[in-house]
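The values are calculated or read from the model by the stated rules, or taken from the named source; none is laboratory data. Quick caveat: nothing in here was measured; it's all calculated off a predicted structure. Please note: Cβ atoms are built from the backbone with ideal geometry, for glycine as well, and neighbour counts cover all protein chains shown. What goes into the accessible areas is simple: the full protein's heavy atoms, side chains included, and nothing from ligands, DNA or RNA. Shrake-Rupley method; radii C 1.70, N 1.55, O 1.52, S 1.80 Å.
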Amino acid sequence: QLQLVESGGGLVQPGGSLRLSCTASGATLQNYAIGWFRQAPGKEREGVSCVSTVGGTLYADSVKGRFTISNDNAANTVYLQMNSLKPEDTAVYYCAAVPRIHYCNVVNRSFYTYWGQGTQVTVSS
């Protein structure tokens, strides 16, 4: 059974950086497409970025140029490097996974079948 655990969230000042980690157990993430989603209070959960099993990546327009998704296969971990953070980036960030799919999406969260519990990111001075 695949389990995902996010970490790395916290409080950061505007313009600062955080790196979120999504660490898997029970399966190898190389066989999964991985997505990062976020949900701010009162808003729908929205896609942020994703990486496919063949290394393709996508980014929401709101984070393009600021966020980078990457993976460390040895650590069975996918990262979301977040730079130039803005207050509007404040949200609970979730990682999600779906097996045996060679593409990913940042639109439909139902695409993903495994979810972590989320990690809070707060961007505030």
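To the nearest Å, what is the center-to-center distance of the range 94-121 and the range 31-67, using C-alpha atoms only?
8 Å
Relative contact order of the chain: what whole-number percent is it, with Cα pairs under 8 angstrom and at least 6 residues apart? Let's see the in-between values first.
Working: 340 pairs, mean separation 46.9, N = 125.
Relative contact order here is 38 percent.
By the scheme Lys and Arg +1, Asp and Glu -1, what is the net charge of all other residues having a beta-carbon under 13 Å from that of G35?
On the way: positive: R38, R45, R109; negative: E6, E46.
The answer is +1.
For a quick check of understanding: with a 1.4 angstrom probe and all protein chains in place, what accessible area in square angstrom does S52 have, to the nearest ten?
Taking all protein chains as shown, S52 has close to 10 Å².
Of the candidates L20, L11, L80, which one comes out as most mobile in a Gaussian network treatment of the chain with C-alpha springs shorter than 10 Å?
Sorting by GNM fluctuation, first place goes to L11.
Using alpha-carbon pairs under 8 Å, 6+ residues apart, how would you state the relative contact order of the range 2-62 in percent? Please list the in-between numbers first.
Working: 73 pairs, mean separation 14.2, N = 61.
With pairs under 8 Å counted, the relative contact order is 23 percent.
Among I69, I101, I34, which one shows the highest mean-square fluctuation when the chain is modelled as a Gaussian network with alpha-carbon springs under 10 Å?
Comparing I69, I101, I34 in a Gaussian network model of the chain, the most mobile one is I101.
Would you mind telling me the share, in percent, of accessible area of the range 21-104 contributed by carbon and sulfur at probe 1.4 angstrom? List each step's numbers first, then the result.
Working: 1830 of 3840 Å².
Its accessible area is 48 percent carbon and sulfur atoms.
Only Cα pairs within less than 10 Å get springs; with that Gaussian network setup on the chain, which residue of K86, K64, K43 has the largest fluctuation?
Maximum fluctuation in the GNM of the chain, among the listed residues, is at K43.
If eta is 0.692 mPa s and T is 37 °C, what Stokes-Einstein diffusion coefficient results for the range 64-122, Kirkwood Rh from Cα pairs, in µm²/s?
Working: Rh = 13.1 Å.
Taking Rh from Cα pairs, D becomes 250 µm²/s.
Please work out the ratio of the alpha-carbon Rg of the chain to 2.2 N^0.38 Å and round it to two decimals.
On the way: Rg = 13.2 Å, N = 125, 2.2 N^0.38 = 13.8 Å.
Working it through for the chain, the quotient is 0.96.
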